[in-house]
1. Conditions first: (1) touching a helix residue (DSSP H, G or I) at 6+ places or on another chain (Cβ under 7 Å); (2) in a helix (DSSP H, G or I); (3) hydrophobic (A, V, I, L, M, F, W, C). A:Val700 passes all but one, so which condition is the exception?
2. For the stretch A:274-300, which positions are over 44 Å from the mean Cα position of the chain (by Cα), more than 8 Å from RNA strand B (Cβ to nearest atom) and part of a loop (DSSP other than H, G, I, E, B)?
3. Looking only at the stretch A:187-203, filter to residues that are within 30 Å of A:Val463 (Cα to Cα) and in a strand (DSSP E or B); which one of those is most open to solvent (accessible area, probe 1.4 Å)?
4. Does at least one position in the stretch A:806-814 carry a residue that is in contact with a strand residue (DSSP E or B) (Cβ under 9 Å, 6 or more places away or on another chain), open to solvent by less than 70 Å² (accessible area, probe 1.4 Å) and either more than 16 Å from RNA strand B (Cβ to nearest atom) or over 30 Å from A:Thr667 (Cα atoms) (or both)?
5. How many of the residues making up the stretch A:679-697 are out of contact with any Phe, Trp or Tyr (no Cβ under 8 Å at 6 or more places or on another chain) and open to solvent by less than 10 Å² (accessible area, probe 1.4 Å)?
6. Could you check the stretch A:167-186 and list, in sequence order, the residues that are surrounded by 13 or more Cβ atoms within 10 Å (Cβ to Cβ) and in a strand (DSSP E or B)?
7. Among the residues of the stretch A:750-793, count how many are open to solvent by 80 Å² or more (accessible area, probe 1.4 Å), away from RNA strand B (no atom under 16 Å from the Cβ) and closer than 18 Å to A:Pro819 by Cβ.
8. Any residue at all in the stretch A:872-886 that is near RNA strand B (Cβ under 8 Å from one of its atoms) and of a type in the set (Lys, Arg)?
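The values are calculated or read from the model by the stated rules, or taken from the named source; none is laboratory data. Since the model is a prediction, treat every value here as computed from it, not as a measurement. Virtual Cβ from ideal backbone geometry, glycine too; neighbours counted across all protein chains shown. Side chains are part of the model used for accessible areas, which takes the heavy atoms of the whole protein and leaves out ligands, DNA and RNA. Shrake-Rupley method; radii C 1.70, N 1.55, O 1.52, S 1.80 Å.
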Amino acid sequence: MSLDKTYTPHDVEQRIYEQWENSGAFACGPHKTSGGEGDDAYTIVIPPPNVTGSLHMGHALNNTLQDILIRYNRMNGKDTLWQPGTDHAGIATQMVVERQMEAEKLSRHDLGRDKFIARVWDWKAESGGTITRQLRRLGASCDWGRERFTMDEGLSTAVQKVFVELHREGLIYRDKRLVNWDPLLHTAISDLEVENKEQTGKMWYFKYPVANSDGSVRDGEFVTVGTTRPETMLGDTGVAVHPDDERYTDLVGQNVILPIVDRPIPIVADEYADPEKGSGAVKITPAHDFNDFEVGRRQDLEVINVLDHNAAINENAPEHLQGLDRFEARDAIVKEMEGLGLLEKVEENPMTVPYGDRSGVVIEPWLLDQWFVDAKVLAQEAIKAVEDGRTTFHPKQYENLYFEWMRNIQPWCVSRQIWWGHQIPAWYGPDGHPFVAYSEEEAEIAARTHYGQDVNLTRDPDVLDTWFSSALWPFSTLGWPDETPELKRYYPTDCLVTGFDIIFFWVARMMMMGLHFMKEVPFKDVYIHALVRDEKGQKMSKSKGNVLDPLELIDQFGADAVRFTLTSQAVQGRDVKLSTSRIEGYRNFVTKIWNAARYAEMNDCKPDANFDPAKVDLTVNRWIIGKAAEACAQIENAIDAYRFNEAADAGYHFTWGAFCDWYLEFTKPILNGDDEAAKSETRATMAWALDQILHMLHPVMPYVTEELWTQITDRNTQLMLSDWPKLSGLESADAESEMDWVVRLITAVRQVRSEMNVEPKAQLTLRLKDANAETLARLDTHRDLIHRLARIENSGALDGEVEKGSVTAVLDEATIVLPLAGIIDVAAEKTRLDKEIKKLDPEIMKYEKKLSNAGFLAKAPAEVVSEQKERLEGLKADRAKLDEALARLADL
RNA sequence: GGGCGCGUAGCUCAGCGGGAGAGCACUCGCUUCACACGCGAGGGGUCACUGGUUCAAUCCCAGUCGUGCCCACCA
């Protein structure tokens, strides 16, 4: 079998993936690699994508990084579990299905709850597999046999148990308070689901007439209040002034008449009113403003709700305004106030307006009975766990973000007035008393005890916030509340890989729930990666329509190229901006690897099981082995520190810069020669080095490496299950310095050739002047490859004078002499030398200045001083040789 | 109003107390027996600005300007 001339990812990827998956290679369990015992577990739970979703760039980055960690640890002998699954995404999914039904002119209420939910399940069955198929295309090595869905039976049991237990502990409670109401979706949402947007709005100043004690209006006496939402004035039940505000001292305790409504409302003294702002008096609308609600509680004000669930004016308002939409009502009220002569002024006002992140409409604070989680209590241990390092964030600075939010955490409103989700396990008696229980039967028993007789119970129609079930993901997917072997083995998980945008939504809540129910952190490390943004630096989102499709890129360039690009960009704390040219560049890298493998194959370089990299003779071979060891260590260190870009870099540079650019060229003379022993060692070394490359790059580029692994050998194994290289100790300093010299010699000759416009085909003579014995020995050892790569036909030491018409270059103690009589272009050579000198002189001055600085000599570490001295001497010697060369040139 | 981050080659970005780097783009030269998705050579940067610490600052500190994001109940 021989390798195809070109690598076509499209043909290969699907086949390879099926082979992996069908062989059971993804499955967890202590049966993995050939060498590893698999004693240590390594676990990652996938951030479950929305079941409605399809793969976007953020997923691609997120899952590429997880796959790197998983594949790397799997190769290192760990029993790895990458737990996959999807999220039911309550509101998002319900919206998708409702939108579909709109085409049939159906609402969910036409169907009824049961039928609607059945329809969502149908939809999930039909298109719920999209994203997991797409993750497969990316190459994700998840244990698909363990795939979970947040509304699976087992996970639903976990949700129920958590709700019931937290309720019994008093950490979930029902409360009537203002919540963020989405008037389009008709549900409450949590604080986090509200997006505050900067806008320029208006501030209207209304005059409220002051009333006499008998209720009549005092002529010409008003209290001015400002508002950005005039429609809420219909629900005003008070006006607050600061207790120390002397302007209003006399009015406290009296009433104003609320215009339009003609209701007397009290003027109260409350520190909430800021004398500095506006008139110093503020209207209080407890039913429609979070602050006002608090003031109302303190001041015992009436709470009058004037909006219905659509945020239209309801029956508590004057008849002529009822039924108007909130914004229509706003206009109408302003107009009416103006007509009454009670509009003092209107100002432009910069403000932040709350929008629902799903619906995109303005959110209304609305008074409702809802279920709340006492996050303040649960946060305590979660804060501690990060403080004491049981869980560590990478990069570390995200811990601040976490702390800040956790320390100021608010009660978490978890009930949602939608149908798709986990229905809250609460039943109400006739008087509305709630019974939280595992089943209706249990609730009935509790009710019987409570009421002393059988009563009819009604189940709470609400469902839980989607993030409630996501918060349990690290243990619910492992079987909790059952004490499964998996739970014991894989919890706590090792690393959570996610974007900073869901630290609050998800990470924080997993920490709270994990610690509360498992008594252990859900993950030891949290790796926060950057967001993949669009070219304007904006977050990609479906609603903005600026989403790039990773699948198209995979089609175009292959999954490996896309993965490598994302990895090379995955720098801690910096956003990823994708450019096609970059992906193209790494697609070329994939091709390069392929071609290198083809070359090895053509030269009969087959892996030899008996090859021992510690026992090779030839310097070139020891050199590439040492380089492989270095690269491998760099990759290990990089992955261990979650510096993915550095891992990608190290692999790239070793493969292309060392192996392809130099090693394959270095060894051509050997492979074409007739020294059988050298040939055989070199073949084995090349095959070995290529093997190391396949291993090292596998976590990032699984497909091409696996394909080559299976194609270039007849070993019946999978690369993904083979052992990570253990190369420490194979580094070779002497081979390194020797080959480095060869590289510099060749480069120097090439430079001269290029700048002198020497005919590319011309074979030159090379002489080394003033070369020491070691240098001459090196020339001798590597003569063949030097001749080949620098196009030299004859080389050796130069004993006499440099002959006229030679070009020279400096290489350590020696001078490279290239007799170019007849070819040399004097002017060009002078230009070249001048250029060199121009580069050197400022350098020399810099070091001279530094070394003449007494402070430097006295305070800098000795090794720094001597190093700088050496550097200066080297530069000076180079400079002297350049002068000599110039002098010789003058003779011509 | 708080908080976090960023400003390094034309573009996208690494690096970071003692010799300025990569990919792409650009220039020149190559059908060199793996690869033109290639090979070789090259041009290009007061490392935003100002001040401080230090023997030494692109790197540490302070401030300024520009820019991005997160949080916040500002009538």
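1. Exception for A:Val700: condition (2).
2. A:Asp300
3. A:Asn196
4. yes
5. 2
6. Listed by number, the residues that qualify are A:Ile172, A:Tyr173, A:Arg174, A:Arg177, A:Leu178, A:Val179, A:Asn180, A:Trp181, A:Asp182.
7. Of the residues in that region, 1 qualify.
8. no
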